[in-house]
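A.B. asks: First the structure, which I've put down as structure tokens, then a few questions once you've had a look.
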Amino acid sequence: MHNLSQRIHFTMAFIGGYLGVHAILSFSNLLGNAQTSNLISMVTSLLSGDWQQLLQRTGGMLLYMAAIALTVYLPPRLRCDLRLISVALDAAAAVAVGCFPGDIAPVLGLYPLFFAMAFQWNSFSGADGFVSSSIFSTNNLRQFTMAVTEVWGNHDRSQLPKAAFFGKTLLSFHAGVAASFLLWHVFGFHSAWFTLFPCGLAFFLVSADIRRQKSAEAAL
């Protein structure tokens, strides 16, 4: 059985995949988990003179930046674990997105996800010494490929734990993608509300981890 930190990470990866594909299906193939495409579109909107798009996308970028800034600003000032705040923000974003009208401007529809996913990115950075994003897959795929190549190509079995970790992260993320895809085709925008179930599990697991840490500190 995976240890607690890995179970938390895999649960958050599931949430990242679930909300990632929900954004793509609901908002004209736009991804709310990252900013690369949004930043590119800001430049193209500027050069083409589409000021409305530029304004909306700039707002999305600023929300993403604000969430990242808060993950740096809040820890010295709050006694609450940042991970609990992140899970709560994911749940709030899912509820908000599920309430949006079908004709909302796609970029505006992404605003809650821009904020929540950026906050999650900095709040859950991996597990057991492995740095891993729970909101997108590119570097996880890179790390998995490198580790598998080390194991099978260079016969370095010490890379097996790394290959297993990143492989399971990819599986967790894309299990969320699959679940979201299937539910979206039944419930549409409202399928975002099903995120509350993995969020509840994540909240329980993080709370258990906090209790474990406090017990360990008290034993010293």
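The values are calculated or read from the model by the stated rules, or taken from the named source; none is laboratory data. All values derive from a computational prediction rather than experimental measurement. Because the Cβ atoms are built from the backbone with ideal geometry, glycine has one as well, and the counts that use them run over all protein chains shown.
A.B. asks: If we only count helices (runs of 4 or more DSSP H) wholly inside region 56-146, which ones have 1 or more residues that are under 16 Å from the mean Cα position of the chain (by Cα) and not hydrophobic (A, V, I, L, M, F, W, C)? Let's see the steps before the verdict.
C.D. replies: Details: elements: 82-99, 106-109, 111-123.
Ranges flagged: 82-99, 111-123.
A.B. asks: Within region 127-144, can one find any residue that is touching a Pro at 6+ places or on another chain (Cβ under 9 Å), over 30 Å from residue 58 (Cβ atoms) and surrounded by fewer than 22 Cβ atoms within 10 Å (Cβ to Cβ)? Explain how you work it out, then say what you get.
C.D. replies: Looking only at region 127-144, we keep the residues that are touching a Pro at 6+ places or on another chain (Cβ under 9 Å), and these are 128, 130.
Adding the requirement that they be over 30 Å from residue 58 (Cβ atoms) leaves 128, 130.
After this cut, where a residue has to be surrounded by fewer than 22 Cβ atoms within 10 Å (Cβ to Cβ) as well, the list is 128, 130.
Yes: region 127-144 contains one or more residues that are touching a Pro at 6+ places or on another chain (Cβ under 9 Å), over 30 Å from residue 58 (Cβ atoms) and surrounded by fewer than 22 Cβ atoms within 10 Å (Cβ to Cβ).
A.B. asks: Kindly provide the set of residues from region 149-173 that are among the aliphatic types (A, V, I, L, M) and farther than 30 Å from residue 24 by Cα, ordered by number.
C.D. replies: Let us first name the residues in region 149-173 that are among the aliphatic types (A, V, I, L, M), namely 151, 160, 163-164, 170-171.
Result: 151, 160.
A.B. asks: Here's another thing I want to ask about it. In the list 148, 131, which residue meets the criterion of being farther than 23 Å from residue 35 by Cα and among the aliphatic types (A, V, I, L, M)? Spell out how you get there, then give the answer.
C.D. replies: Values: 131 fails: farther than 23 Å from residue 35 by Cα.
Criteria check complete, one pass: 148.
A.B. asks: Residues of region 189-208 being touching a Leu at 6+ places or on another chain (Cβ under 9 Å) and either modelled with pLDDT under 95 or among the hydroxyl-bearing types (Ser, Thr, Tyr) (or both), which ones?
C.D. replies: 191, 195, 207
A.B. asks: Tell me which residues, restricted to region 69-84, are at pLDDT 95 or above and surrounded by 16 or more Cβ atoms within 10 Å (Cβ to Cβ).
C.D. replies: The answer is 70, 71, 82, 83.
A.B. asks: Can I ask one more? Considering region 147-156 alone, what residues qualify as being surrounded by fewer than 21 Cβ atoms within 10 Å (Cβ to Cβ) and part of a helix (DSSP H, G or I)? Show your work before the answer.
C.D. replies: Residues of region 147-156 that are surrounded by fewer than 21 Cβ atoms within 10 Å (Cβ to Cβ), as a first pass: 148-156.
Listed by number, the residues that qualify are 148, 149, 150, 151, 152.
A.B. asks: Select from region 139-198 the residues that are of a type in the set (Ser, Thr, Tyr) and free of Cβ contacts under 8 Å to residues at least 12 places away in the same chain and write down the one among them that is farthest from residue 129 (Cα to Cα).
C.D. replies: Filtering region 139-198 for residues of a type in the set (Ser, Thr, Tyr) gives 145, 149, 158, 169, 172, 180, 191, 195.
Then drop every residue that is not free of Cβ contacts under 8 Å to residues at least 12 places away in the same chain, which leaves 145, 149, 158.
Values: 145: 18, 149: 20, 158: 14 Å.
The selected residue is 149.
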